[in-house]
Amino acid sequence: MFLLAGVLTISGCIKNDQTEVSADEQSETFYAGNGDENMDIQIIKVFSSEFESNSAIPRKYTCDGENINPPLEFANIPEETESLVLIMDDPDSPMNPFTHWIIWNIEPVAKIEEDSIPGIEGINNFRKIGYGGPCPSSGTHRYYFRVYALDRQLELKTGAGRKELESEMIGHIIGEGELMGKYGKS
């Protein structure tokens, strides 16, 4: 274990001062030396009217159903937010993490409607632009819907990848939140 100060993990959690981070986590971690160390990252509440945190995602939103995005709602978006980013991924996939949806330049609104495209979409690990619902080959997987509030709009074109997106976000995150749902094939 390593003790790191002022570290930000783009793919998920904020690591505050004096947080222990494993060597594996450290390799996927960005250092806040790019401007985030002096920012007060606010916590955004993320929820859905279709499923509760840590519960099953309805089949409708998976590859076994209609394969459309679920409705998402946000509370506590920082006032100075210029845009939102949403990253949905599966950390339980052998391709850890498997990216299902990346979308940016979302207006700082309190809700994303079901089956919508509220911003500019990037390429997912299905090699398609847009939403790709939960589709585990076996077992039950966790799916994280992570929202980031940014202090600016991003200059990325449709179809950009996750690494490009995360690189553009560094130094501009002012709020963050997540909702986790589960889905498994029976």
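The values are calculated or read from the model by the stated rules, or taken from the named source; none is laboratory data. Only a predicted model underlies this, so the values are computations on that prediction, with no experimental measurement involved. Here the Cβ positions follow ideal geometry from the backbone for every residue, glycine too, while neighbour counts run over all protein chains shown. Surface areas here come from the heavy atoms of the whole protein model, side chains and all, with no ligands, DNA or RNA. Shrake-Rupley method; radii C 1.70, N 1.55, O 1.52, S 1.80 Å.
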When you go through (1) of a type outside the set (D, E, K, R); (2) over 15 Å from the mean Cα position of the chain (by Cα); (3) on the phi > 0 side of the Ramachandran plot one by one for Asn105, which number turns out not to apply?
(2)
Pick out the one residue from Tyr131, Tyr144 that is in contact with a Leu (Cβ under 8 Å, 6 or more places away or on another chain), closer than 20 Å to Arg59 by Cβ, open to solvent by 20 Å² or more (accessible area, probe 1.4 Å) and not basic (Lys, Arg).
Tyr144
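Among the listed residues Arg152, Arg142, Arg146, Arg127, which satisfies the condition of being on the phi > 0 side of the Ramachandran plot and of a type outside the set (S, T, N, Q)?
Residue meeting the stated conditions: Arg127.
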Check the stretch 14-37 and report whether any residue there is modelled with pLDDT of 95 or more and surrounded by fewer than 16 Cβ atoms within 10 Å (Cβ to Cβ).
no
Tally, over the stretch 53-77, of residues that are crowded, with 18+ Cβ neighbours inside 10 Å, in a loop (DSSP other than H, G, I, E, B) and out of contact with any helix residue (DSSP H, G or I) (no Cβ under 9 Å at 6 or more places or on another chain)
3
The stretch 131-146 residues that are among the charged types (D, E, K, R), paired with ones that are open to solvent by 50 Å² or more (accessible area, probe 1.4 Å) (beta carbon under 7 Å, 6 or more apart)
Arg142/Asp92; Arg142/Lys182; Arg146/Glu178
I'd like the full set of residues that are part of a helix (DSSP H, G or I) and open to solvent by less than 10 Å² (accessible area, probe 1.4 Å), limited to the stretch 159-179.
Leu165, Met169
Just to be sure, is Arg152 of a type in the set (D, E, K, R) and open to solvent by less than 70 Å² (accessible area, probe 1.4 Å)?
yes
